[in-house]
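Inspection log for the structure reproduced underneath, given as structure tokens.
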Amino acid sequence: MATASGVSAGPVLQLPSLRVPSSRLLPRRAAAGAPAGNLFVKRAVVYNRRSCHHFLPSNQRGGLQAAVLPVAPPILDDEETRKQMAEDFGFTQIGEELPDSVTLKDVMDTLPKEVFEINDIKAWTSVLISVTSYALGLFFIAKSPWYLLPLAWAWTGTAVTGFFVIGHDCAHKSFSRNKLVEDIVGTLAFMPLMYPYEPWRFKHDRHHAKTNMLIEDTAWQPVWQKEIESSPLLRKAIIFGYGPIRPWMSIAHWLIWHFDLKKFRPNEVPRVKISLACVFAFMAIGWPLIILKSGLAGWFKFWFMPWMVYHFWMSTFTMVHHTAPHIPFKSSDEWNAAQAQLNGTVHCNYPQWIEILCHDINVHVPHHISPRIPSYNLRAAYDSIKQNWGKYVNEANWNWRLMKTILTRCHVYDKERYYVPFDELAPEESLPIKFLRKFMPDYA
């Protein structure tokens, strides 16, 4: 088919009706190859894995036909396109898509055997680092004047995030050869965070088994359009939650997923109850002791604010690891394990002090290739992955543009585009997103 201006446009496709703000209505001369008409809408899409523009006459309503103009080769197969995407999204590298024929076992078999070895000295050294850095943080909080408290909270909350990573290794059986030791250490490591160890372990195993699978993945999921259309109040809450307060949305995840016994299999419930009892014991004993010693203000200073910093890292690490405009969530019938774990996981570099206190949890690609790799071996494993599969990995340095991309673009699920921003679907109610887009720095 050819457009009115004679440009070949490929097949005519039936497309859904769109509600597009007036700012997206452009004069016909604004783009060559657009269909004839006074005004048209130009919309970038990914269709059948090809980057396209389609031009929609603005006076049409309901179902409509539009010329679809391919403007690039398959989106991840063109090096220049990937470089431009990396610059736009705040990445240093966007990898090629892994061929369908490659299996997760193929990738795992290239890893050196020594990266799977548990080293008791290194494991307990990580515990010593976390305990010492956390105690130092509490000392800073106690001695700091009010204007230095944010720095003390940032250090202490990051240090206590290291406790989570230790428990995380225990849950994956990569901390000790003794399962009982792992259960005890994992439970104790999670207690100051008010995180029930066993409920988290059960749900986290599902995250690894179903990474970036629609509905099934228990970590971040795109919003479904039916959710934001269900009620105005819920729509506003979701927009705010996936926008300005997204770096703390792990608090909602913590509450929703880990305290409801109905979310667990009958054989899991006894262990879940033990973990919940430990958490409630910490609340019943630990909190009153803190308040008795230092008052409610002390509880706020010594526990609550470091806990909020911990949840900032919990949310940020998780969404950066698996959320980007070019990383799709797929239905179970389209999902590919190797692609989800290698292509769908991001390696992100953070300031070195954060990586030390958090035991290299940011070196996340090898952890998704095999969760049995201890945290202290993740860098050696990633070096091997870079040597053998380097052109397929996604890499970034933590920066403003990367966060801005996630917070302002990665919202509602769309099969072709992967994500649709809230302000395309509900522009009048997306003021929090427009605020972030306008005022967040764009430094990469």
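The values are calculated or read from the model by the stated rules, or taken from the named source; none is laboratory data. Computed from a predicted structure; not experimentally measured. Here the Cβ positions follow ideal geometry from the backbone for every residue, glycine too, while neighbour counts run over all protein chains shown. Each accessible area value is taken on the protein alone, full model and side chains, heavy atoms only, with ligands, DNA and RNA left out. Shrake-Rupley method; radii C 1.70, N 1.55, O 1.52, S 1.80 Å.
Selection within segment 106-132: residues that are among the polar types (S, T, N, Q) and not in a loop (DSSP other than H, G, I, E, B). The member of this set that is surrounded by the fewest Cβ atoms within 10 Å (Cβ to Cβ) is T132. Scanning segment 386-424 for residues that are open to solvent by 40 Å² or more (accessible area, probe 1.4 Å), in contact with a helix residue (DSSP H, G or I) (Cβ under 8 Å, 6 or more places away or on another chain) and under 25 Å from I228 (Cα atoms) yields one hit, Y413.
For V412, state whether it is modelled with pLDDT of 95 or more and within 15 Å of H326 (Cα to Cα). Break it down into steps so the answer makes sense when it comes.
Details: modelled with pLDDT of 95 or more: yes; within 15 Å of H326 (Cα to Cα): yes.
Yes, satisfied.
One residue stands out among those in segment 177-230 that are in a helix (DSSP H, G or I), of a type in the set (F, W, Y) and in contact with a helix residue (DSSP H, G or I) (Cβ under 7 Å, 6 or more places away or on another chain): the one that is nearest to S332 (Cα to Cα), which is W200. Scanning segment 323-337 finds one or more residues that are assigned to a helix (DSSP H, G or I) and either open to solvent by 30 Å² or more (accessible area, probe 1.4 Å) or touching a strand residue (DSSP E or B) at 6+ places or on another chain (Cβ under 6 Å) (or both). Filtered by the rule that a residue be assigned to a helix (DSSP H, G or I), at pLDDT 95 or above and touching a strand residue (DSSP E or B) at 6+ places or on another chain (Cβ under 8 Å), segment 341-359 gives a lone residue, E355.
Being free of Cβ contacts under 8 Å to residues at least 60 places away in the same chain and either open to solvent by 20 Å² or more (accessible area, probe 1.4 Å) or out of contact with any Leu (no Cβ under 7 Å at 6 or more places or on another chain) (or both) narrows it down to one residue among E182, E198; which is it? Before the answer, list the steps.
Details: E198 fails: free of Cβ contacts under 8 Å to residues at least 60 places away in the same chain.
After applying the criteria, what remains is E182.
For residues that are among the polar types (S, T, N, Q) and open to solvent by less than 20 Å² (accessible area, probe 1.4 Å), scanning just segment 344-367, find the one that is farthest from the chain's Cα centre (by Cα). The extreme case among them is N362.
Figure legend. Inter-residue proximity from segment 347-364: first residues over 11 Å from T161 (Cα atoms), second residues among the polar types (S, T, N, Q) and assigned to a loop (DSSP other than H, G, I, E, B), beta-carbon distance below 9 Å, spacing 6+ or different chains. Indicated pairs: H347/N362; C348/N362; N349/T92; N349/N362; Y350/N362; H364/T345.
Does K173 count as open to solvent by 70 Å² or more (accessible area, probe 1.4 Å), modelled with pLDDT of 95 or more and within 30 Å of P328 (Cα to Cα)? Answer is yes for this residue. Listed by first and then second residue, the pairs with beta-carbon distance under 7 Å, at least 6 apart or on different chains, first residue in segment 214-226 and within 15 Å of V420 (Cα to Cα), second open to solvent by 60 Å² or more (accessible area, probe 1.4 Å), form an empty list. For segment 273-317, which positions are under 17 Å from the mean Cα position of the chain (by Cα) and either loosely packed, with under 15 Cβ neighbours inside 10 Å or modelled with pLDDT under 95 (or both)? Answer for segment 273-317, where residues must be under 17 Å from the mean Cα position of the chain (by Cα) and either loosely packed, with under 15 Cβ neighbours inside 10 Å or modelled with pLDDT under 95 (or both): there is none.
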